[in-house]
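So the structure is just underneath, and the comments pick up after that.
Derivation of every value follows stated rules applied to the coordinates shown; laboratory data play no part. Keep in mind that this is a model prediction, so the values were computed, not measured. Note: ideal-geometry Cβ built from the backbone for every residue, glycine included; neighbour counts use all protein chains shown.
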Amino acid sequence: MKRLARRPLIAVLVVLTMLAAACGGEDTTAADDAAAQAEAQAAAAQAEAQAAQAEADDAAAALAQAQADLEAARQAATEAMEGDEAAQAALAEAEAAQDEAEMAAEEAMMAADEAQMTAEEAQMQVEELMGGGTIVFGTNQEPSQLDAFAATTVNDQAVVAQIYETLVILGQGMQVHPGLATTWSLGSDAMSVRFGLREGVTFHNGDPFNAQVVKEHFDRLKGEVSGSQSALLATHYQDTEVIDDYTVELSFSAPVPDILIDLAAPGAAITNAAAVEALGADAGQMPIGTGPFIFEEWVEGSHISLLRNPDWTWGEFSFYGTTGPARAERLVFRFIPDDQTRTAALSTGEIDFLDLVPFQNIAPLEEIDGITVEGFSLPGLPQVNYISPQISPTSDIRVRQAILHAVDQDEIVKLVFFGKAPRAYGPLSSDFAEYDPIVETYYPYDPELSAQLLDGAGWTLGDDGIRRNAGGETLQARIIENRSWNPWVTLLQDQLREVGFDAEVITLEGGGYFQGTGETIYELASMGDVFASPASLRRDFHSSSIGPGNINVGHINDPDLDALLDAASVETNLGARAEIMSEVQRYIMDQAYIVPIIELHFFTAFSNDLSGFAVDGTGFYKYFGGASLSQ
Amino acid sequence: MLRYVLGRMTLTVPVLVGAAVFIFLLMQLVPGDAVSAVMAGGAKLSPEQQMEMREAFGLNRPVLVQLGDYLWGLIQGDLGRSTRSDRAVLSLVAAQIPSTLILVSAGMVVAIFVGVPLGVLAARRRNTFVDTLAMGTAVLGLSVPQFWFGLMLILLFAVNLGWFPALSSGGFNGLVLPAVTLGIAEAAILARLVRSSLIESLEQDYIATARAKGASDRRVTWRHGLRNALVPVVTMIGLQVGNLLGAAVVIEMLFARQGLGQLVVNSILRRDLPVLQGSILILASLFVVINVIVDILYKVLDPRVKLGAA
């Protein structure tokens, strides 16, 4: 009895383990398929060569026949010899036939040689294709869905960028490259933009790409909009006019001077609206784009894999470094939530590329042979803490200024960011031409001045190192962080305590962060924002951006600042806009609305075998159309 | 016997309902909902759109109505739909169960094949250096945090020696490191239990009889002693499967392995409460089912066991 009871349990365990082992081979089948496909191509070329060879053989046989005929004619001629002119003529005819046959044979031989060469080339191509290999991208979080139009998270968009294409592409240094549009012109009032579309482009399902498709895509903005980039575009979108098969004009209800930048985000890529409608709820799981890679499979909790699109021959060379097809045969996004495991997987070669390298891992990774670490600046609002003017004690500008003088950014850069990201001075990162360096002179680190300002504001230092006002209230500074995004907050807390703040850190996470900071006003909420147009600063400081789920988490509500930001967002003259932006930066720092901390940098680490990936103007998205792995 | 089995299974119904209600109420405490998660992703939604979304997800109804709907759905085998991808929670969860069960089984195999021999060794060489070493190792195995232990295994066997991959994705090779990480703490528990249980049974009269019959020392230990010592051990193994299910969540994240753990964490990050709720409910149900099996096994091993009696 007892023995019977024990054995099944162990037997079940053993069987399950064996099951696990049996499931192992799965990963290789798809790779085998692609190799088989390439080999089939080579085989076809080989067959062609054989056919040509056969043709050449036939020609050679014809030549032999002609020679035999000639010989027979000669013989007949010799026999008839005596001045028989008819025989002479026959001989001449036979000789002509031989010449003809010889030429035909030669031609056939050449054709055979050519076919042989084609076959060899095809074989070489196959080998080259295999050399492109499978690139594995180690990503920290699984995307939620892959319909470009509905893409919200950066993880969604990192994958979307490989499957879909945008009308224009934003390269490093904010250069606009052609994408699905080859020409563009912004209306003089910046309320319309006309695009000349690329011809000969098809979607992965074979549907053609043309003006009508573009119209259908943008008209999705008139319906229910859930993606972040789409929501941005939907704000002022009016209509798309089809001018001809390959020309469209988009119109807007307000000036949109930055429309090219907005349309270059992966979330603004052109989708196949008809296919999306047909797929219904599955659209997010079965993406159909025009890009260098075709969606292959999504294994929840493990990976997404994409296959090279053999039809993608319209790549923009100035951005991708190739016109296509993609060099890599397959691109896999492997979800690896743990930072340390992700790093380990790069050094074991299980992945070829990883993003978002934690700052403390940069130096150790740089030490490893065969791995390159590269940082990219992310333009936008630097990592900052808002200093909310809406509540006491930070409603007093002297307290806000005291905070700015009490914070030592250089120490934060050194201890928290390992010297790998530069300190920030204002609300706009120095990547922008509109950056005004005057802000660098505003608030030097000066704890004594900070103390004087606080004394002057009526906050006196107690025996416990905390300042209080006449009413006995403590000098409160609640620093709120979005978990794992704001690693400097504890050092900030320490620095503020030095000058007598009763500083504490409150942690929220993910969706809860923007809920909590929207509902409650805190003295020091942490924030950073990535964007490619300086006028986007509006969404970080405008009063319309206050509330749960919004990103003006400092609750900055200043009509003068609103007016400046509004003016900047519709100003179409770049020179005039730069002046407004300069005023915005000075105003925000004059009012001491933020403590700038660092300019955000994201570090990528990749195998030295990987080359040719392109990085967009935001520094965040990597494009693998031109990337390959050397063996 | 049949009555016992049926009775035991009936008892699981209130437990499962209780678990479902508890998990549902717990979800109400999570800060932020699906709408705020979408907005945290950068989406700008007007208050009207937010209302519409809450309406569509049924988030604006009274909690008790939502609970009633949820339970009614459960009875029909409907765990709801993901707020992110609109796919059925049941199919999302079902897709992850095999991977987690394989990992848990492999962890159990490690626990048994390391823990039992270690315990027997320690019992046979009681109070010797071997015993101290074996039990010292067991205490170490119990006290080392799994997460750290797993990282050390990755560093040693994946990065330095290159024997196994750091990432676990199906296949036997990828299963070794996570299974060892998962099983080692349970092996330590088993070793200690086997040791004390075996020592106790080796002191019984029938062992003396066996020895008197002239049975070899090995035979006495393995056939006579261990067989009886295993009764509590088998019970423990059943309970440990529950522990392993919980620990698998952490291990799956560490080794980037498919499974319920990844699903739980992803659905927390996405505030996809129906999926989170469904995964936790399935984990709880697995635990309950395994306990029922253990109870039934226990009855098989020891006919004196009765329902409700101590």
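Numbers below:
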item: Lys, Arg +1 and Asp, Glu -1 on Cβ, resulting dipole of the stretch A:314-392 about Cα centre, debye, nearest 20; result: 280
item: Surrounding net charge for A:Q495, when Lys and Arg each add one and Asp and Glu each subtract one, Cβ distance under 10 Å; result: -3
item: For B:W163, A:W184, order by how many other beta-carbon atoms lie within 10 Å, fewest first; result: B:W163, A:W184
item: Among B:N266, B:N60, B:N291, residue whose mean-square fluctuation peaks in a GNM of chain B (springs only between Cα atoms under 10 Å); result: B:N60
item: Ellipsoid equivalent to the protein assembly as shown - semi-axes via the Cα gyration tensor, in Å; result: 57, 50, 27
item: Dipole in debye (nearest 20) - chain B, about Cα centre, beta carbon charges: Lys, Arg +1; Asp, Glu -1; result: 1080
item: Gyration tensor (alpha-carbon) shape descriptor, the stretch A:432-537, a/c threshold 1.5; result: oblate
item: A:D245 versus B:E200: modelled label distance in nm, points set 7 Å from Cα along the beta carbon direction; result: 8.7
item: Relative frequency of Cα-Cα separations exceeding 17 Å in the stretch A:355-427, percent; result: 59
item: Dipole axis of the protein assembly as shown (+1 Lys, Arg; -1 Asp, Glu on Cβ), positive-most option in A:T182, A:I391, A:I597; result: A:I391
item: Share antiparallel - DSSP beta bridges, the protein assembly as shown, percent rounded to 5; result: 75
item: Residue order, fewest to most surrounding Cβ atoms within 10 angstrom, among A:K222, A:K215; result: A:K222, A:K215
item: Cβ-Cβ FRET estimate between B:S285 and A:A68, R0 fixed at 60 Å, reported to 0.05; result: 0.10
item: Given charges at Cβ of Lys, Arg, Asp, Glu: the stretch B:158-310 dipole, positive-most of B:L239, B:A191, B:A284; result: B:A191
item: For the stretch A:495-622, the fraction of alpha-carbon pairs in successive 5 Å shells from zero, as %; result: 2, 9, 15, 17, 17, 15, 11, 7, 5, 2, 0
item: Cα gyration tensor shape for the stretch A:180-292, rounded if a/c is under 1.5, else prolate or oblate; result: oblate
item: Length released on extending from A:E95 to A:E296, taking residue separation times 0.36 nm less the Cα-Cα span; result: 66.0 nm
item: GNM flexibility winner over chain B from B:E48, B:E252, B:E200 (Cα, springs under 10 Å); result: B:E48
item: Listed residues B:T83, B:M108, B:V93: farthest to the positive end of the dipole of the stretch B:50-128 (Cβ charges); result: B:M108
item: Per-residue Cβ neighbour rank within 10 angstrom, fewest leading, A:I506, A:I597; result: A:I506, A:I597
item: Pairwise FRET efficiency - B:R126 versus B:A94, Cβ, R0 = 35 Å, nearest 0.05; result: 0.15
item: Alpha-carbon centroid distance for the pair the stretch A:160-237 / the stretch A:373-431, whole angstrom; result: 35
item: Value at 222 nm in deg cm²/dmol, rounded to 500, when DSSP H runs of n ≥ 4 in chain B each add -39,500 (n - 2.57); result: -24500 deg cm²/dmol
item: Globularity index of chain B, i.e. its alpha-carbon radius of gyration over 2.2 N^0.38 Å; result: 1.23
item: Binned Cα-Cα distances of the stretch A:382-491, short to long, each 10 Å bin given as a whole percent; result: 13, 39, 35, 12, 1
item: At 1.567 mPa s and 4 °C, Stokes D of the stretch B:197-294 from Kirkwood alpha-carbon radius, µm² per second; result: 79
item: Within the protein assembly as shown: Cβ-based charge dipole about Cα centre, in debye rounded to nearest 20 (Lys, Arg +1; Asp, Glu -1); result: 8880
item: Förster radius 56 Å - calculated FRET efficiency between A:A281 and B:S216 (Cβ-Cβ, nearest 0.05); result: 0.25
